[in-house]
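The values are calculated or read from the model by the stated rules, or taken from the named source; none is laboratory data. What you see is a predicted model, and the numbers here were worked out from it, not measured in a lab. Cβ atoms come from the backbone with ideal geometry, glycine included; neighbour counts cover every protein chain shown. The area values use the complete protein model at the heavy-atom level, side chains included, leaving out ligands, DNA and RNA. Shrake-Rupley method; radii C 1.70, N 1.55, O 1.52, S 1.80 Å.
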Amino acid sequence: MDLINEMKNLGADMDSALERFMGKSQLLEMMLKKLPDSIEQNSGIECDIATGNLSNAISKAHTLKGNTGNLSVTPLYKAYTEITDFLRQEKIPEAQIKLQEILPVQNKIVETIKKHL
């Protein structure tokens, strides 16, 4: 199965993404393949929260929200939107719970993308 269809099976709205990328599936796939690096570069949100560095945690969550939103990776986009909002409202337990809920999904998405690299 190709990457776009696998992403659809994981809940990503690849039809919207393809519209955003003017129907250019190769361009979309190229950009999807950059997502694991972005996730890696913005990892450690839970550590930032634990050490009280909320501004760093918010920055990372906001970056991931934007990157996943632009690629229509819906499960991650929705989760990072909530995490960003919780952190900005200083609702730390809620942010931590949502982060723990989404990490297994995020790991599956990253695994799926990486097998197409």
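What distance in nm lies between label points placed 7 Å from Cα along the C-beta direction at residue 111 and residue 78?
2.1
With 10 Å bins from zero, work out the P(r) of the chain over every alpha carbon pair and list the percent per bin.
For the chain, the pair-distance distribution reads 14, 47, 27, 11, 0.
Which percent of the accessible heavy-atom area of the chain goes to carbon and sulfur, probe 1.4 angstrom?
Details: 3150 of 6410 Å².
The nonpolar share, carbon plus sulfur, comes to 49 percent.
Distance cut-off 30 Å, Cα to Cα: go down the list 78/115; 24/98; 91/114; 34/98; 24/60 and report the pairs above it.
The answer is 24/98; 91/114.
Determine which residues of region 93-117 fall in the zone a paramagnetic label at residue 33 would reach in this model, i.e. backbone nitrogen under 11 Å from the point 7 Å along Cα→Cβ.
Counting only backbone N, you get 114-117.
Starting from region 65-95, pick out the GluC sites (Glu not before Pro) whose DSSP state is loop and whose Cβ has at most 11 other Cβ atoms within 10 Å.
Numbers: sites: 82, 90, 94; in loops: 90.
Sites meeting the loop and neighbour criteria: 90.
Over region 48-117, what is the mean sequence separation of C-alpha contacts under 8 Å (at least six apart), divided by residue count, expressed as relative contact order in percent?
Relative contact order of region 48-117: 25 percent.
I'd like the accessible area for residue 108, computed on protein heavy atoms only with a 1.4 Å probe and all protein chains in place. Round to 10 Å², please.
The value for residue 108 is about 100 Å².
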